[in-house]
Amino acid sequence: MANQTKEMRAVYAETLVELGATNRNIVLLEADLMKATGTGPFQAAYPERAFNVGVAEANMVGVAAGLSAGGKIPFAATFGCFASRRAFDQFFVSCAYARLNVKLVGTDPGVSAAFNGGTHMPFEDLALMRAVPGIAVLEPSDAASLRGLVSAAAERRGSVYIRLHRKAVPDLYPAGEKFEIGKAKLLREGKDVALVALGALMVGEALKAAELLAKDGVSASVIDALSLKPLDAELVLREARRCGKFVTVENHQASGGLGSAVAELLAETGAARLARVGVRDEFGEVGTQDYLMERFGLTASHIAAAAKAL
């Protein structure tokens, strides 16, 4: 696993610039956060296709809906707390209910909001978006998966919510790896317990947890979920039946997101016992990312403990 020095937001912008070169329908919307999202290169390349609506996130989503109705493919980005909580009704009604083609991007998910604190720390965005009928909900885990899933979102007809970690993260996949909406990746194969993680922070922690477990003689599979909705039920059930024990790992409330999606699947099939690692019905707070990971029980040691408890 090589180190990734390029920020995820830079990869997001580069991918949109590349897609925009061959698809003139791709347009960009920002709510006065272009510097934070890193999408200046798209504006420089295609100034007539980049729109800053100001600090008006709900309006941005409404404008995106109008552009989609006119045949465009809008990528609209803001902090995840605003993309989900503030603009939820506009996205639900104007985009998803209207069967439009809007790609909503929520940045700084969960504890990655760090010093922006509890008001800006979305621990509930996945629960909200997962409840919207017909949309896809995605969270890339590295640069290659971000490129692949943004490209897949652009090609998919229908609204999409993408959780975007802005900072640099380690590479998990080689350049050119193929990604599909609704398909997870098995990163490590084990026989005693399966760990399924979502997102740039938590997949890395799950892999570290697998190493900790191996030292204690516990063999753990690690799955990178990538797509919360649709969930890769085939891979999840295969590993659940093979291992008999399952741990979900997410930078989000333990309820409503990945933990709930997997719990529902396992309850309907009786395939495995389940533990969930996530935030336990709390609001966010100010702190460094490392402190917050420990504070909310999201580290590799917490994951390993949950697996051992099964």
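Figure the gain on full extension for GLU177 and GLU285 (residue separation times 0.36 nm, minus the Cα-Cα span) and round it to one decimal in nm.
35.3 nm
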### Query
Taking Cα atoms of the chain, Rg/Rh with Kirkwood Rh, to two decimals?
0.96
### Query
What number, rounded to the nearest 500 deg cm²/dmol, is the helix-based mean residue ellipticity at 222 nm of the chain, given -39500 (n - 2.57) per DSSP H run of at least four residues and division by all its residues?
-11000 deg cm²/dmol
### Task
Name the residue farthest towards the positive end of the dipole of the chain from the options ALA152, ALA45, GLN90, assuming +1 on Cβ of Lys and Arg, -1 on Cβ of Asp and Glu, about the Cα centre.
ALA152
### Summary
From the Cα centre of segment 93-167 to that of segment 201-263, the distance in Å is 20
#### Entry: Least to most buried among ARG280, ARG163 (fewest other Cβ within 10 Å first)
ARG280, ARG163
## Note on the structure
Taking a ≥ b ≥ c as the square roots of the eigenvalues of the Cα gyration tensor, with a/c under 1.5 meaning rounded and otherwise prolate when a/b exceeds b/c and oblate if not, segment 8-164 is rounded
### Query
Of the listed peptides 138-151, 183-196, 233-246, what is their order by residue-averaged count of other C-beta atoms within 10 Å, with the highest listed first?
138-151, 183-196, 233-246
### Interchain or long-range residues, amide H under 5 Å from ALA275's placed H
PHE246, VAL247, THR248
### Task
With everything on Cα atoms, drop me the angle between helix 258-269 and the longest principal axis of the chain, reported from 0 to 90° to the nearest 10.
60
### Query
Can you list residues whose amide H is under 5 Å from GLY199's amide H, if they're 5+ apart or on another chain and H is modeled 1.01 Å from N?
ALA225, LEU226
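Have a look at the DSSP beta bridges in the chain and tell me what percent are antiparallel, nearest 5.
10
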## Note on the structure
Applied in sequence order to segment 237-253, the curve 6.51 cos²θ - 1.76 cosθ + 1.60 (Karplus, θ = phi - 60°) yields integer Hz couplings, x standing for Gly and Pro, of 5, 4, 6, 4, 5, 6, 9, x, 9, 9, 10, 9, 9, 8, 8, 5, 3
### Query
Taking only Cα atoms, what is the 0 to 90° angle, nearest 10, from helix 300-309's long axis to the longest principal axis of the chain?
50
#### Entry: Qualifying lysines (Cα of each under 30 Å from Cα of LYS6; at least 8 residues distant if same chain)
LYS35, LYS72, LYS103, LYS167, LYS178, LYS183, LYS185, LYS208, LYS229
### Task
Please list, in chain and number order, the residues 5+ apart from GLU189 or on another chain whose amide H is under 5 Å from its amide H, with Hs placed from the backbone.
VAL222
### Positive-end residue of LEU33, MET60, CYS81, charge dipole of segment 8-164 with Cβ unit charges
MET60
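Grab the beta carbon distance between GLU294 and ARG238, set R0 = 35 Å, and tell me the FRET efficiency rounded to 0.05.
Result of the calculation: an efficiency of 0.60.
Which of the three applies to segment 185-309, rounded, prolate or oblate, going by the alpha-carbon gyration tensor with a ≥ b ≥ c and a/c under 1.5 meaning rounded?
oblate
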### Query
Pairing the Cα long axis of helix 8-22 with the longest principal axis of the chain, what angle in degrees results, from 0 to 90 and rounded to the nearest 10?
50
### Task
Give the shape of segment 143-234 as rounded, prolate or oblate, defined through the alpha-carbon gyration tensor: a ≥ b ≥ c are the square roots of its eigenvalues, a/c under 1.5 means rounded, and otherwise the shape is prolate if a/b is larger than b/c and oblate if not.
prolate
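We did not get these values from a lab; they are worked out from the coordinates using the rules stated. Every value quoted in this text rests on a predicted model; they were computed, and no experiment measured them. Using ideal geometry, Cβ is built from the backbone for each residue, glycine included, and neighbour counts are taken over all protein chains shown.
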